[in-house]
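**Q** Please read through the structure below; I'll follow up with questions.
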Amino acid sequence: MAVPISQMFTVSSYVIAQKLKGVKRYPLVLMLEPIFRCNLACAGCGKIQYPDHVLDRRLTPEQCWAAADECGAPIVSIPGGEPLIHPEMPEIVRGLVERKKYVYLCTNAILLERKIEEYQPSKYLTFSIHMDGLRDEHDLAVCRDGVYDVAVKAIKTALKKGFRVTTNTTLFDDANPDRVRKFFDEMMGLGVEGMMISPGYSYDKAPDQNSFLKRDRTRELFSKLLSNRKRTWQFNQSPLFLEFLMGKRDYECTPWGNPTYNVFGWQKPCYLLQDGYVSDFSTLLNETDWEKYGTGRNDKCKDCMVHCGYEASAVEATFSSWSGFTGTVKATLFPNAT
Ligand code: SF4
Ligand code: SF4
């Protein structure tokens with residue numbers, strides 16, 4: 001089982017409670033960005049191109065906890081920059097775990113072995129390791145040789161110490177399906193709990209603008225990757241979202257499902273686009289013109305099929321109808337059925 005039962009139960013109860021209360025827009029995963037600075041400079045990254053005075057800014061533990069309390073999402077994902085650079089990250093994580101948030105601490109793992117003693121294993125804490133493919137592909141994606149081996153070593157150490165470990169992988173136009181399937185074998189062979197995969201979003205600011213996937217190509221690639229899926233592969237993601245990536249389902253984006261908080265405040269409308277910031281979560285939820293966003297409504301959303309826009313849509317679909325629920329069960333138990 002990729003995701004522990006307790007986490008599934010927490011998320012399911014939370015979604016059902018929102019639906020019983022008649023809440024139309026609710027957050028599922030808080031994307032908390034306490035720092036933009038990173039110790040890598042990947043070609044597809046849209047987060048590290050800020051000037052130094054922004055890269056030097058950090059959220060305090062109190063700001064992080066307040067954002068988690070205000071938002072109320074059961075899951076908190078802490079993406080990059082590189083969170084392990086933040087000197088107060090262990091304290092931030094401790095406070096979130098005390099709040100019973102399921103924390104995904106996303107890291108390129110370069111510092112993980114050095115810092116791991118500062119964290120305690122918990123069912124609420126997962127190290128989500130950035131791995132963009134087998135050794136050659138990963139080192140090319142992160143623009144530095146040797147990072148794959150460092151990350152694999154760190155994964156082994158974290159698992160040995162009893163931490164939950166997943167991988168997160170962003171795929172671009174040059175991905176070779178056979179090599180990616182081999183990569184899935186290799187990651188599961190290391191003993192990780194599950195894998196998360198997503199097509200890269202075409203950030204305006206990313207240095208490499210030629211490798212982002214268009215929608216048709218995303219569907220073609222993910223069909224090749226996820227058809228005839230091996231039983232050993234576990235994905236730490238909604239099974240309906242994986243079917244969406246394969247082109248078997250279509251969803252509208254629900255960007256409020258993964259709201260983003262960072263050193264500028266609450267980011268409108270989503271983790272990927274920057275259409276301004278507001279100082280509190282309820283203003284974000286109630287005063288953003290959500291109708292302006294999503295595929296077919298905004299040119300910047302044209303090719304987006306990224307988890308932070310569509311995974312919450314897939315989870316919503318699971319709980320919105322009997323067919324959504326049975327579809328989820330079928331996609332979980334028989335992923336190769338159709
Ligand atoms: S490791 Fe992540 S945050 Fe750092 S440069 Fe690469 S993509 Fe950006
Ligand atoms: S489709 Fe949704 S998640 Fe993607 S860029 Fe647009 S608003 Fe953001």
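None of the figures in this text is laboratory data; all of them are computed from the coordinates on show. Not measured: the values here are computed from a predicted model. Here the Cβ positions follow ideal geometry from the backbone for every residue, glycine too, while neighbour counts run over all protein chains shown.
**Q** In whole Å, largest first, what are the principal axis extents of the Cα atoms in segment 243-338?
**A** 45, 25, 22
**Q** Counting alpha carbon pairs within less than 8 Å and at least 6 residues apart, what relative contact order, in whole percent, applies to the chain?
**A** Values: 596 pairs, mean separation 58.7, N = 338.
Computed value for the chain: 17 percent relative contact order.
**Q** Show me the ranking of peptides 286-298, 303-315 by mean Cβ neighbours inside 10 Å, starting with the highest.
**A** Ranking the peptides 286-298, 303-315 by packing returns 303-315, 286-298.
**Q** Roughly how many nanometres apart are two label points built 7 Å out from the Cα toward the Cβ at C143 and K161?
**A** 2.9 nm
**Q** Provide the FRET efficiency to the nearest 0.05 for the H53-A337 pair, computing r from the beta carbons and using R0 = 56 Å. Write down the numbers at each step before the final one.
**A** Values: r = 53 Å, r/R0 = 0.95.
Efficiency, from the Cβ-Cβ distance: 0.55.
**Q** How high is the relative contact order of segment 92-203, in percent, with contacts defined as C-alpha pairs under 8 Å that are six or more residues apart?
**A** This gives 26 percent for segment 92-203.
**Q** Which value at 222 nm does the chain reach when only helices count, each DSSP H run of 4 or more adding -39,500 (n - 2.57), with the total divided by all residues and rounded to the nearest 500 deg cm²/dmol?
**A** It comes out at -11500 deg cm²/dmol, rounded to the nearest 500.
**Q** For K153, which aspartates and glutamates qualify as cross-link partners when the Cα separation must be under 19 Å and same-chain residues fewer than eight apart are set aside?
**A** E82, E113, E117, E118, D132, D136, E137, D139, D145, D185, E186, E193
**Q** What is the gain in length, in nm to one decimal, between K214 and N39 on full extension, counting 0.36 nm per residue of separation less the C-alpha to C-alpha distance?
**A** Full-extension gain reported as 60.1 nm.
**Q** What's the tally of Lys pairs in segment 240-302 whose alpha-carbon atoms lie under 14 angstrom apart, where the two lysines are 8 or more places apart or on different chains?
**A** Working: K268/K292; K268/K300; K292/K300; K292/K302.
Summing the qualifying lysine pairs gives 4.
**Q** A further question on this structure: So if we plug the beta-carbon distance of D289 and K224 into 1/(1 + (r/R0)^6) with R0 = 35 Å, what FRET efficiency do we get, rounded to 0.05?
**A** For R0 = 35 Å, the calculated efficiency reads 0.40.
**Q** Considering the chain as a Gaussian network with a 10 Å cut-off on Cα pairs, which listed residue, A17, A67, A175, attains the greatest mean-square fluctuation?
**A** A17
**Q** Select from L240, L28, L190 the residue whose mean-square fluctuation is largest in a Gaussian network model of the chain (Cα-Cα springs shorter than 10 Å).
**A** L190
**Q** Please check: in the Gaussian network model of the chain (C-alpha springs, under 10 Å), which one of I116, I16, I75 has the largest mean-square fluctuation.
**A** Looking only at I116, I16, I75, the biggest GNM fluctuation is shown by I16.
**Q** Arranged by the count of other C-beta atoms within 10 angstrom, fewest first, what order do M246, M31 take?
**A** M246, M31
**Q** Then there's this: Using only alpha carbons, build the gyration tensor for the chain and give me the equivalent ellipsoid semi-axes, biggest first, whole Å.
**A** 25, 25, 21
**Q** Further question on the same structure: Given labels modelled 7 Å from the Cα in the Cβ direction, how far is it in nm from D174 to K19?
**A** Calculated label separation equals 4.3 nm.
**Q** Counting pairs of alpha carbon atoms under 8 Å apart in space and at least six apart in sequence, what relative contact order in percent does segment 6-80 give?
**A** 46 percent
**Q** Which one of V15, L55, T254 is farthest out on the positive end of the charge dipole of the chain, using unit charges on Cβ (Lys, Arg +1; Asp, Glu -1) and the Cα centre as origin?
**A** Farthest along the dipole direction, towards plus: V15.
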